[in-house]
Amino acid sequence: MSDKETVTGQRLAIAGRLRMAREMAGLTQGQVAKILGLHRPSISEAEAGRRRVSADEFARLAEIYAVSISWLACADSDEPEDDRLALAARELAKLKQDDLNRLMELLKAIRSHKDRSK
């Protein structure tokens, strides 16, 4: 594999992580663009691997998405499990009390069903 192919593969891998992280954070490209002060196509191009992301943007994206820079840069192959838990906690904190109570009842029912099926 040539150096150019390696660089292209790395760029596409990072682009995929950018998209995955945004989706895991529950954000649209438009929302991310607004946070960064960019136009939505800039985010789309970065996620397609056709736009280079500056170091400052990269660090800010990792912060916005609550993932590590090393994971976003494909230096860390592990899935960001802790980051998903942090995202879930943030989303749960946004729920109204009635919705949170219903969710907790649903989780109890799922756990109870799982325990009975063992």
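The values are calculated or read from the model by the stated rules, or taken from the named source; none is laboratory data. These figures come from a predicted structure and were not determined experimentally. Ideal geometry is used to build each Cβ from the backbone, glycine not excepted, and the neighbour counts take in all protein chains shown.
Residue by residue through the stretch 6-30, note down the ones that are under 13 Å from Leu72 (Cβ atoms) and in a loop (DSSP other than H, G, I, E, B).
Residue satisfying the conditions is Ala25 alone.
Here is a list: Gly16, Gly26, Gly37. Which entry is small (Gly, Ala, Ser), modelled with pLDDT under 95 and surrounded by fewer than 14 Cβ atoms within 10 Å (Cβ to Cβ)?
Details: Gly16 fails: surrounded by fewer than 14 Cβ atoms within 10 Å (Cβ to Cβ); Gly37 fails: modelled with pLDDT under 95.
Exactly one residue qualifies, and that residue is Gly26.
Looking at the stretch 40-66 only, could you name the residues that are surrounded by 15 or more Cβ atoms within 10 Å (Cβ to Cβ), within 23 Å of Arg90 (Cα to Cα) and not β-branched (Val, Ile, Thr)?
Listed by number, the residues that qualify are Glu57, Phe58, Arg60, Leu61, Ala62, Tyr65, Ala66.
Quick grid of which residues meet (1) within 22 Å of Gly9 (Cα to Cα); (2) modelled with pLDDT of 85 or more; (3) not in a loop (DSSP other than H, G, I, E, B); (4) not charged (D, E, K, R):
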| residue | (1), (2), (3), (4) |
| --- | --- |
| Ala33 | no, yes, yes, yes |
| Glu45 | yes, yes, yes, no |
| Ala62 | yes, yes, yes, yes |
| Leu87 | no, no, yes, yes |
| Lys118 | no, no, no, no |
